[in-house]
Each structure stands twice: as structure tokens, then as C-alpha cells.
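Worksheet: the structure to be examined is printed underneath.
Every number here is computed from the coordinates shown, using simple stated rules; none is lab data. This one's a predicted model, so the numbers in the text were calculated from it and none came from an experiment. With ideal geometry, Cβ positions are generated from the backbone for all residues, glycine too; neighbour counts draw on all protein chains shown.
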Amino acid sequence: MEIFLQQLINGVTLGSIYGLIAIGYTMVFGIIGMVNFSHGDVFMVSAFFALIFFLLFMTILGIGTPIIALLLAMILAMVLTGLLSWTIERVAYRPLRGSFRLAPLISAIGMSIVLSNFIQVAQGPRNKPVPPMVNGTIDLMERDGFAVTVSYKQIIIVLVTAVLLAAFWYVVQKTPLGRAQRACEQDRKMAALLGVNVDRTISLTFVMGASLAAVAGSMYLMYYGVVHFADGFVPGVKAFTAAVLGGIGSLPGAVLGGLLIGLIETFWSGYFSIDYKDVAAFSILAIVLIFMPQGILGRPEVEKV
Amino acid sequence: MSATMEGPLLQVRGVKTYYGKIIALKGVDVDVKRGEIVTLIGANGAGKSTLMMTICGSPQAREGSITFEGRDITRMPTHEIARLRIAQSPEGRRIFPRMTVLENLQMGAALDKLAYFDQDVERVFTLFPRLKERIGQRGGTLSGGEQQMLAIARALMTRPKLLMLDEPSLGLAPLIVKQIFEAIDELNRTEGLTVFLVEQNAYHALRLAHRGYVMVNGLITMSGTGRELLEKPEIRAAYLEGGRH
Ligand SMILES: Nc1ncnc2c1ncn2[C@@H]1O[C@H](COP(=O)(O)OP(=O)(O)OP(=O)(O)O)[C@@H](O)[C@H]1O
Ligand SMILES: [Mg+2]
């Protein structure tokens, strides 16, 4: 019971991070039908942005409380990562739109390599540590020497994720921008006939997905305290798995998928073997693709148009 | 300003449109003046829908010119053409399937940031009370006729200077067709709305329209007032006999 609770807490934390990244995959897929394989590396770069700004605020500006430094670093990372993603879309994807289907995919894999190699050269190949930002845990219960704890870090991650997801959900469901995004997703030509600037809407979708990835990147940095140039790959693929599991194109699906992948991974580590946690996560991807290709909340392909 | 007021609202000159290597419009000339209802009739595959879409810049004309209010729009991107208030209820209706009726109408009013939404939506609900009953239903689950009404209503929500309707009577019950044609007529008479109408239903369309064009194989072969065209034996033979209501 105690182990179960502890893994539940850990899994939800991890799942929040995956969910934030997964939204970027699912939105871009929804609007242009492309799997943006560089998204994981955009996430990794955002963690480096957060790291650099965090250290900058802590040392040079001398901001005493690490929480404020982290928050400012996160906001700056969101802006810069958004810009980065905007540029990538303009340079590497938009010229290929209307080309054959695999072209943007290959371009995205290329961008992914460019980003991770650039960080490897610019930031070095080793783990980059940050001093601990938030300490402290709350003991929830203790029995037979096993304590169920939740750390402040975990609380922050879950809270930040929940707040941003709510804000994001509001934008997509209730604002003109969100309506334009959904219109482009459903019928780009008709959206243009109604005055929607489709290219701009697609760009903004990339920016929004990247900003959420930057939130995930900042949280990742805070949680693990280190980041590494290759850290885009595995979380990226797991978030992609989450998007597919939840039903690619579906926003609630991305969040649900993220939580499930996080939970599967931590429960697997807790009850079976930590070495095989990635095997477990990716086996899920294979199983889902075979038996439930539309995912949990994905829409079935029957619709009257 | 005076030049724009004098010329026709929409002027299409020598427009050629291609799909890849295949030519669909072979040099089309059409005028639509302010306050007119102009109809375009022609057989299946003549190029009627292509002309409507070409006016909206999707696909763009490869040759020729299109001017709206005296301004050349031939190379303008589709969304900017829409901002000049050219609205289209396109072939196939193109309702956003996973948006509600309300959201589809909001998309129509997006150009004005919903500034006139409340009053305009009441107006289209008066035209199509059916839509009001279905306000929360997803577009993709509406019946064909309801989708047609929604497509027209959505186009009206843009506050168009030129309303282009591609076969608005398609799939609708005769009574509804009659209502839609009456609505077009009324909007035209009371508000001076300019309408460019593609129709298979040539008899109704020509009776409603001030002027008409006949398109055959990507070319305009005849034009005249609605009455003139209705009386031409060729037209009666090709588009009216047997299809008359
Ligand atoms: N996307 C496309 N790609 C290739 N050819 C096309 C495309 N759209 C239309 N065409 C061709 O262009 C020609 C004109 O088509 P269009 O849809 O404009 O005809 P239409 O007059 O609207 O016919 P209908 O009354 O059946 O709607 C047809 O021969 C059609 O096959
Ligand atoms: Mg047609």
C-alpha cells in the first residue's frame, strides 16, 4: 500500500512532465498531420535555457530565493523556446509543406540532430548540474519504516502543470485563436476562406507547443537537478508515446497519455525492474499501435462530412 | 474612390485556372455589379466551382485578372481576399465537423472579432430557425440540409459585400429551397446584398437573378438577363426541360 502510494505520487509527477511535452506533438500533428520529431530536442534545449537563466539570476543578479529565479528562468525559457520553434517551423518545415509526406518528417529528424549536436558542442557533453532549487518533503504516512513522502518539487510540478493546462485548455476552447486553430485542423481551406491566416495559425501552434515544452524543461531541470544534451530523446519519445496512447490530435488525450506513461514507468520500476522501465513504456507504444491505433480518446475515423 | 464606385464590384477578365497541367478555366470574363444577383449555370464539370474558388484565390488564376472594388486581387492570399468581405458558401459545404453550430457561426464572424455577433446571429436564426434548435450540435452530425443552411448562415455572418453561393439548393427539400431563394431575394432587395450564385437548378436561379452566365467546358458561352436566358431554346433544352420544378 505504501509503495503503491509512493509510486502513484512519483508517477503523476513524471506524467505531468510527459503530458506537457505530449501536447506539442499532438497539436502539431492535429493541425498539419506531421510528427514533429525535433520536439523532444526542443524540450531539451528549453531545459538548457532554463538552466542558463536560472544560474544567471542566482549569481549575477543575486536573487535570493531560488523559486523566483526559477520562475523568471521558466518564463524566459518559454519565450525563447517559442521563438526557436517558430524559426524551425519557418526554416525547416514550412517550405516542405505540400511536398511529399515524408519530407517534413525527415527534416524534423535533421533538426533534432542539429539541436542536440549544437548543445553538445556549445554546452559540453557532460551532465550540467544546477544547485538544488527547492528542498523539503512532506511525510504523508509512515509504516514499518517505509515513509510515503511528497516533495515540494513534486507539488510544484503538479500545480504548475495543472494551472498551465487549464490556461491552455481555455485558449484552445474559448478564444478566437483557439477556434482558428481548430478550424485549421479541421479544414484549412475553409478557414482561409473565412479570413484565417493559416500560416500564422500554424506558426502559433508551434510556439504554444514549444512554450509548454519549456515549462516541462524547467520542471525537469528542477526535479532532476541535471540536464544533458541527449536528454531530449527518451523523454521526447515517451511523450510521443503518450500522445499516441491518448489519441494523437486530442489534447485531453495527450495529458491522459502522459499520466499513464508516467504511472506505468514508475510502477514498473517500483514493482519489477528499474532497468526495464523504458522497455515497458515502449512496449506500450507497440501494443497501442497494434490494437488501438486511434488511442484512448482519439476519434474514430467515421464522420459525415 | 470614384473609379471604384463606377466599375463593377467584381470583374473577372480572361481568367485561366489549371489543376496541375489540366486547364479548368480557359479564359473567363464575368462582371458582378453592386446590388446584383448574378447566376452562373452549366453542366457538371464545366468549371463553376473552380471559378468561385479562383475568385477566392484558391487555386490562383494562372492568367488573367480579378478585380474587386477596383483592386487587383488575382495574386492575393485567400485569407486577405476574405477580409475584403468576399464570402463563400463553397461546394461540399465544408462545415467544420467537430465544431458546434454556434462555433461554426463564430468562425464566420471572426473577421470582426465577434463585434456584431449577437445581432447578426439573430438575423440568420430568423432565416434558418432550424439552426437555432441545433445550436450546440456538432457540425459533422447535422443533416445535409442543415449543413447547407449552416454554410449559408456562416457566410452571411462575415457581413459580406459579395456573397458567393455554390449550389445552395443541393440536397434540400423543395420547400427549403424556396425559402433560401426568397431569403436571398430579400437580402438583396432590403440590404442591397450582391450575390453570385452557382446553380444546377437553372429555372429558379434564372428567375431570381438579374443576370446570368452559362459556362461550358471552362468558357462562358452565353450571358444575358435572367429572363433572356430563360427564353433561349438552347438553354431550355440543355438545362431546363425535365429539370423543371
Ligand atoms: N482539385 C482538382 N484537381 C484536378 N481537377 C479538378 C480539381 N477540381 C476540379 N477539377 C476538374 O476541373 C473541372 C471543373 O470542375 P468544377 O468542380 O469547377 O466543375 P463544376 O462546374 O463546379 O461542376 P459541378 O456542377 O459538378 O459541381 C472538372 O473537369 C474537374 O474534374
Ligand atoms: Mg461545382
Dipole magnitude (debye, nearest 20) for segment B:91-159, charges at Cβ of Lys, Arg, Asp, Glu:
160 debye
Determine the relative contact order of segment B:91-159: mean sequence separation of Cα pairs under 8 Å and six or more apart, normalised by residue count, in whole percent.
53 percent
Filter the chymotrypsin sites (Phe, Trp or Tyr not before Pro) in segment A:82-137 to those in DSSP coil with at most 12 other Cβ atoms within 10 Å of their Cβ, and list the result.
A:100
Please list, by residue number, everything in segment B:134-150 whose backbone N is under 19 Å from a paramagnetic label point 7 Å out along Cα→Cβ of residue B:186.
B:134, B:146, B:148-150
Vicinal HN-Hα couplings computed from phi for segment A:94-101 (Karplus, 6.51 cos²θ - 1.76 cosθ + 1.60; Hz; Gly/Pro x):
4, x, 9, 5, x, 7, 5, 4
Tell me which DSSP H helices of chain A clear both cut-offs, 20 Å or more of axial length from alpha-carbon atoms and a mean Kyte-Doolittle hydropathy of at least 1.0.
A:2-32, A:39-59, A:66-88, A:102-123, A:152-174, A:198-224, A:251-271, A:277-291
What list of whole percents do you get for P(r) of segment A:1-71, with Cα-Cα distances grouped in 5 Å bins up to the one holding the largest distance?
4, 14, 14, 14, 15, 15, 14, 8, 3, 0
Excluding residues on the same chain fewer than 8 positions from residue B:21, give the lysines whose Cα lies under 20 Å from its Cα.
B:48
Give, rounded to the nearest 20 debye, the magnitude of the charge dipole that segment A:159-208 has about its Cα centre when Lys and Arg contribute +1 at Cβ and Asp and Glu contribute -1 at Cβ.
100 debye
Computed about the Cα centre, the charge dipole of the protein assembly as shown from +1 Lys/Arg and -1 Asp/Glu charges at the Cβ has a magnitude in debye, to the nearest 20, of 1020 debye
Amide H contacts of residue B:24 (H built 1.01 Å from N, under 5 Å, at least 5 apart or other chain)
B:17, B:18, B:19
Amide H contacts under 5 Å for residue B:88, placed H, 5+ residues apart
B:164
Cut-off 10 angstrom, C-alpha nodes, Gaussian network model of chain A. Which of A:278, A:139, A:41 fluctuates the most?
A:139
Say a site is exposed when it is one of the GluC sites (Glu not before Pro), sits in a DSSP loop, and has at most 13 other Cβ atoms within 10 Å; what is then the longest site-free stretch of chain A?
A:1-300
Non-local residues with an amide H under 5 Å from the amide H of residue B:222, with H modelled 1.01 Å from N and Pro and chain starts lacking one, are B:214
Within straight-line cross-link reach of residue B:113, lysines at Cα separation under 24 Å, skipping those fewer than 8 residues along the same chain:
A:174, A:189, B:132, B:161
For segment A:2-291, build the charge dipole from Cβ charges (+1 Lys, Arg; -1 Asp, Glu) around the Cα centre, then report which of A:8, A:180, A:109 sits farthest towards its positive end.
A:180
Within a Gaussian network of chain B (alpha carbon springs, distance under 10 Å), most fluctuating of B:168, B:90, B:233
B:233
Just going by the charge dipole of the protein assembly as shown, with Lys and Arg at +1 and Asp and Glu at -1 on Cβ, which of B:77, A:36, A:80 is farthest out on the positive end?
B:77
Take chain A, connect every pair of alpha-carbon atoms lying under 10 Å apart with a spring to form a Gaussian network, then pick out the residue of A:262, A:19, A:178 with the largest mean-square fluctuation.
A:178
Show that you can apply the helix-only estimate: for chain B, add -39,500 (n - 2.57) for every DSSP H stretch of four or more residues, divide by all residues, and state [θ] at 222 nm to the nearest 500.
-10000 deg cm²/dmol
By a straight-distance test (C-alpha under 13 Å), which aspartates and glutamates pair with residue B:178 as possible cross-link partners, with residues fewer than eight away in the same chain excluded?
B:186
Dipole of segment A:2-291, positive end: most advanced residue of A:53, A:211, A:136 [Cβ charges, Cα centre]
A:211
For n ≥ 4 DSSP H runs only, could you compute -39500 (n - 2.57) per run for chain A, divide by its residues and tell me the 222 nm figure to the nearest 500?
-24000 deg cm²/dmol
